[in-house]
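**Student:** Questions regarding the structure given below will be posed in turn.
The values are calculated or read from the model by the stated rules, or taken from the named source; none is laboratory data. Note that the structure is predicted; figures quoted are calculated from it, not measured. Note: ideal-geometry Cβ built from the backbone for every residue, glycine included; neighbour counts use all protein chains shown. Accessible surface is based on the protein model in full, side chains and every heavy atom, while ligands, DNA and RNA are left aside. Shrake-Rupley method; radii C 1.70, N 1.55, O 1.52, S 1.80 Å.
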Amino acid sequence: MTARGTGVSAIFCHVDVVGADMSGGILAQRGLGVEEFPGHVPVYTGHYHKPHALWGKPGARQHPVVYVGSQWQTSMSEAHEEKRLLLLDASQGWAIAEEIPISIGKRHFRAASLAQLDANLLSWSLRKGDRVQVRVEDAA
């Protein structure tokens, strides 16, 4: 199954794309523009660890540029990020057949106060090796 007679049915790469979430809501300012990829084929890329998709201008793409994301949280900058594996179906034009949530390796959690830590500690279900960062303001 190829796209518009080009022989290309999908693009798999590892690149910076302008507007991608580098981490913590900081967006990439340099790299390739979404519009530089053909809109008629799926694009899967790496580089940034947060799983997300970029569509560019409304109506310009049939498929997003998809950041697959890392399979585990590599640092505190990825605190609370959900991770996944993507199962792609080549017979369906490399469409995402399934998103499989995964939770492996040490995880990272942040609390903005001791009260927020107390409110969330049980729901986080901490495991050996997980990291918790608590911001405590100086009372003085």
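**Student:** Beta carbons within 10 angstrom, averaged per residue: use that to sort the peptides 106-117, 45-56, highest first.
**Tutor:** 45-56, 106-117
**Student:** For the chain, report the accessible area per residue in Å² (1.4 Å probe, heavy atoms, rounded to an integer).
**Tutor:** 64 Å²
**Student:** Tell me, what ³J(HN,Hα) does each residue in the stretch 79-94 have, in order and in whole Hz, if you take phi through Karplus 6.51 cos²θ - 1.76 cosθ + 1.60 with θ = phi - 60° and put x for Gly and Pro?
**Tutor:** Result, ordered by residue: 3, 6, 6, 7, 10, 7, 10, 10, 9, 9, 10, 4, 6, 10, x, 6 Hz.
**Student:** On the accessible surface of the chain, probed at 1.4 Å, how many percent belong to carbon and sulfur atoms?
**Tutor:** 56 percent
**Student:** Using 16 Å as the cut-off for backbone N distance, which residues of the stretch 56-79 belong to the label zone defined by a point 7 Å from the Cα of HIS47 along Cα→Cβ?
**Tutor:** 56, 65-70
**Student:** Given the DSSP H assignment, sum -39500 (n - 2.57) over each helix run of at least 4 residues in the chain and divide by its residue total; what's the result at 222 nm in deg cm²/dmol, nearest 500?
**Tutor:** Estimated from H runs of four or more residues: -2500 deg cm²/dmol.
**Student:** Please identify the longest segment of the chain free of exposed GluC sites (Glu not before Pro), where exposed means a DSSP state other than H, G, I, E or B and no more than 14 other Cβ atoms within 10 Å.
**Tutor:** Counting at most 14 other Cβ atoms within 10 Å as exposed, the longest clean stretch of the chain is 1-81.
**Student:** Tell me, what ³J(HN,Hα) does each residue in the stretch 26-38 have, in order and in whole Hz, if you take phi through Karplus 6.51 cos²θ - 1.76 cosθ + 1.60 with θ = phi - 60° and put x for Gly and Pro?
**Tutor:** Couplings: 7, 9, 4, 9, 10, x, 7, x, 3, 5, 7, 8, x Hz.
**Student:** Hey, another quick one. Please list, or write none, the lysines whose alpha carbon is within less than 29 Å of the alpha carbon of LYS57, excluding same-chain residues fewer than 8 places away.
**Tutor:** LYS83
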